[in-house]
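So the structure is just underneath, and the comments pick up after that.
What follows is calculated from the coordinates using simple rules that are stated; it is not laboratory data. No experiment lies behind these values; they were computed from the predicted model shown. Ideal geometry is used to build each Cβ from the backbone, glycine not excepted, and the neighbour counts take in all protein chains shown.
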Amino acid sequence: MLEKVLFWRVNSTTLTSDLNSVNNVFIKLITKLEKIRKRLSVASEKNQQQITKLQIERDKLSVIDRDIQTQIEKYEGMIV
């Protein structure tokens, strides 16, 4: 009977050790994936800032284009 108890104790310890090893692998994987998500989030935010900046610049250029078109039409109206 004592042999059976010792057998299960050894097996239990081995299983616990194996489970801890597997858990450590998963914890490292989760940590790496979280770092990747954070980098993606930062890159996405930077891209969004660039998009916003370029949209503002585009809007300013559109205003200038309309002003130029207005001037062209004004001068075309002056041609005899």
Problem - Principal-axis tilt of helix 2-78 within the chain, Cα atoms, nearest 10 degrees - result: 0 degrees
Fill in the blank from the handout: With +1 at each Lys and Arg Cβ and -1 at each Asp and Glu Cβ, the charge dipole magnitude of the chain around its Cα centre, to the nearest 20 debye, comes out at 580 debye
